[in-house]
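Presented below is the structure to which this report refers.
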Amino acid sequence: MARPIQQLKADFFKALAHPGRIRIIEVLTGGERTVSELAAAVDLEASHLSQQLGILRRAHVVTARKEGNAVVYALADERLADLLAVAKEILLTYLTEARDLLAVES
């Protein structure tokens, strides 16, 4: 039986629901990166980075390919950059409205 689209969406967003994974995606919006480049950019221990990359890979959010001895990661779909940008805009709007409301109340 096919999974309802709502469940698929929930699973997709669960894969994104970690600050480290969001940071990995943000770094990859600038283009492909090796594991060592990602480790330097996201400030995660190697084992934790590997775990987070595995979650993103299984969710088809990132792709991995071997290049010599290195593994190179990339976004599976460039629209993920747009998704994060829209999320940021929504959050900034919410925070601005909350700040303005607090200013009026005080």
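Work out the charge dipole of the chain with +1 on the Cβ of Lys and Arg and -1 on the Cβ of Asp and Glu about the Cα centre, then indicate which of 87, 52, 39 is farthest towards its positive end.
Positive-most Cα among the choices belongs to 52.
What aspartates and glutamates sit close enough to residue 88 to cross-link, taking a C-alpha to C-alpha distance under 17 Å and skipping anything fewer than 8 places away on the same chain?
Cα-Cα hits under 17 Å: 26, 78, 97.
If you place +1 on the Cβ of every Lys and Arg and -1 on the Cβ of every Asp and Glu, how big does the dipole about the Cα centre of the chain come out, in debye to the nearest 20?
About 540 debye.
With no solvent and one equal point scatterer placed on each C-alpha of the chain, evaluate the Debye formula and give log10 I(q)/I(0) for q = 0.11, 0.13 Å⁻¹, two decimals.
Scattering profile of the chain, log10 relative to I(0): -0.44, -0.57.
Calculate, in nm to one decimal, what residue 48 and residue 99 gain on full extension: separation in residues at 0.36 nm each, minus their alpha carbon distance.
14.8 nm
Cα to Cα, under 16 Å, and not fewer than 8 places away if on the same chain: which aspartates and glutamates meet these conditions relative to residue 66?
32, 37
Each reported figure results from applying straightforward, stated rules to the coordinates on display, with no laboratory input. Treat the numbers as computed from the prediction; the structure is a model and nothing was measured. Here the Cβ is made from the backbone with ideal geometry for all residues, glycine too, and neighbour counts use every protein chain on show.
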